[in-house]
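K.L.:
After the structure tokens below, expect a handful of questions from me.
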Amino acid sequence: MTGSLVSSTTVICLIGFVFSSKVDQTPSDIFWSPERPAEMTCRHQITNYDTLLWYQRSHTDTELKLIGYMYFDQKTVEKPFEKHFNVSGHGKTHSTLHLIQLRRSEDSAVYYCAAYYHSGVSSLSISQKPSVNNHMTEQFCTAVT
């Protein structure tokens, strides 16, 4: 008798805390499995803020990693995340982080959304810790098999 072993992975995301009530990240939790797509949405109503950024902090690494961002309607996804995530929206109002193909351990993480004012003086420079001008929310995601 031959059988096949089917493995299913579920990722659970929970809201952690909010640095600013002006940035809203939804949903409050996500149950993700490879069979269906999932996404997180971030909205803000901060005058003149033109960029929404998505960060990841895995449970094995405390470093914040920039996944990607929307600057007005221009999207950027960082190279290490291109196959697994996508972003859409408009930096002045909202952005969606699309969870395309998550890896179990690498993508069990806390996900942050931050609103940012890009001055346009030079290139976009992002620091790990939010400055006074950054507004950030956090979601925690973990894989369950």
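K.L.:
Would you check if there is a residue in the range 98-118 being modelled with pLDDT of 95 or more and over 10 Å from the mean Cα position of the chain (by Cα)?
P.N.:
no
K.L.:
Scan 33, 58, 88 and give me the residue that is at pLDDT below 80 and of a type in the set (S, T, N, Q).
P.N.:
Values: 58 fails: at pLDDT below 80; 88 fails: at pLDDT below 80.
One residue alone meets the criteria, 33.
K.L.:
Residues of the range 64-97 being over 23 Å from residue 28 (Cα atoms) and of a type outside the set (Ser, Thr, Tyr), which ones?
P.N.:
Scanning the range 64-97 gives 72, 73, 74, 75, 77, 78, 79, 80, 82, 83.
K.L.:
Just to check your reading of the model, which residue among 129, 83 is surrounded by fewer than 18 Cβ atoms within 10 Å (Cβ to Cβ), at pLDDT below 65, assigned to a loop (DSSP other than H, G, I, E, B) and not small (Gly, Ala, Ser)?
P.N.:
Result: 129 is the single residue among 129, 83 that is surrounded by fewer than 18 Cβ atoms within 10 Å (Cβ to Cβ), at pLDDT below 65, assigned to a loop (DSSP other than H, G, I, E, B) and not small (Gly, Ala, Ser).
K.L.:
If only one of 51, 47 is modelled with pLDDT of 85 or more and surrounded by 11 or more Cβ atoms within 10 Å (Cβ to Cβ), which one is it?
P.N.:
51
The values are calculated or read from the model by the stated rules, or taken from the named source; none is laboratory data. What you see is a predicted model; the values in this text were computed from it and never measured. Virtual Cβ from ideal backbone geometry, glycine too; neighbours counted across all protein chains shown.
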